[in-house]
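Below you'll find the structure, written out as structure tokens, and then a few comments.
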Amino acid sequence: MAFREKIEENTKNKQTNIVLALDFPFEKPENRQALLQRAEKVLDATNQYICAVKINYHLILPLGIFNGLQKIICKAHEKGLVAIADSKINDIGETNRVIAEYLFEAGFDALIANPFVGWEEGLKPVFETAQKTQKGVLLLTYMSHKGASEGYGQMVVDAETGQNKPQYHLFALKALKWGADGVIVGATYPGKIKEINEVLGGKIPIYSPGVGPQGGTIEAALRAGTRFLIVGRAITLADNPADSAEKIRNLAWQYLTTRC
């Protein structure tokens, strides 16, 4: 089963659209085992309230993808979850291909890539690698932090039409053209979510990070067109991650099932 089908099936069966960003603060290398145990503990406590887990460099770097990280990926799969690598791939094609091959070999079901690098000798090898193995590719379209407008929000000339358009509009169009399995748009910018959703025409799901500490809200993101909410610190750094995950899941699911 392909990635997109897996996560939609999880969402339906588990009644949740929450993707857990399993991120933790810096730890000294000698504390790697404790970090692994902490990540496993949070995953054990929250898995029933989430449909996927997103793993960033917070764990990739200290644990190593073929060491401790594989244990987390295996645990996620055992819990019926899909695992997304927050790799933000953005290099030349052959380097991108090797990165994708390693991540997929480690067990990740999908990865995140940056469309700034372009298609030819850029992300084309990543999509080719993903298609061969039924993995997914999500494209960064508008990030959640305050400085996102400096890159993703700049006005640029569309090479095909000659018209001036926001960079994120062109990235959404690339997602359609390239066959991406999802796009990342910060929950902190519901207006951008709505615009991008209109460009996508509902054909590609939107994943939105930034709920909680960054200021994004569940209702505003979902109302604007977000399909999956990516939530990290509001759960991972909570006194009780399970309670926090359950409350967030319930709020999101209630809105999804009652909105007109």
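Read-outs throughout are calculated quantities, based only on the coordinates presented, and are distinct from any laboratory measurement. The shown structure was predicted, so the numbers you read here are calculated from the model rather than taken from an experiment. Backbone-built Cβ (ideal geometry, glycine too); neighbour counts: all protein chains shown.
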Could you figure out which of (1) touching a strand residue (DSSP E or B) at 6+ places or on another chain (Cβ under 8 Å); (2) outside any helix (DSSP H, G or I) isn't true of Asn96?
(2)
Of these, Ala187, Ala221, Ala180, which one is surrounded by 20 or more Cβ atoms within 10 Å (Cβ to Cβ) and assigned to a helix (DSSP H, G or I)?
Ala221
Considering each of Asp86, Asp91 in turn, give the residue that is surrounded by fewer than 19 Cβ atoms within 10 Å (Cβ to Cβ) and in contact (Cβ under 8 Å) with a residue 12 or more places away in the chain.
Asp91
Say we look at region 232-257 and pick out the residues that are touching a residue at least 60 places away in the same chain (Cβ under 8 Å) and farther than 18 Å from Ala45 by Cα; which of these is surrounded by the fewest Cβ atoms within 10 Å (Cβ to Cβ)?
Leu256
Suppose we keep only residues that are in contact with a helix residue (DSSP H, G or I) (Cβ under 7 Å, 6 or more places away or on another chain), touching a residue at least 40 places away in the same chain (Cβ under 8 Å) and hydroxyl-bearing (Ser, Thr, Tyr) within region 137-167. Which one would you say is surrounded by the fewest Cβ atoms within 10 Å (Cβ to Cβ)?
Tyr142
Return only the number of the condition from (1) buried (at least 20 other Cβ atoms within 10 Å of the Cβ); (2) in contact (Cβ under 8 Å) with a residue 40 or more places away in the chain; (3) assigned to a helix (DSSP H, G or I) that Ala45 does not satisfy.
(1)
I'd like the full set of residues that are assigned to a helix (DSSP H, G or I) and among the hydrophobic types (A, V, I, L, M, F, W, C), limited to region 60-87.
Ile60, Leu61, Leu63, Ile65, Phe66, Leu69, Ile72, Ile73, Cys74, Ala76
Restricting region 196-213 to residues that are touching a Gly at 6+ places or on another chain (Cβ under 9 Å) and in a helix (DSSP H, G or I), the residue that is surrounded by the most Cβ atoms within 10 Å (Cβ to Cβ)
Ile196
Taking the criterion of being under 25 Å from Ile248 (Cβ atoms), polar (S, T, N, Q) and free of Cβ contacts under 8 Å to residues at least 12 places away in the same chain, would at least one residue in region 50-66 satisfy it?
no
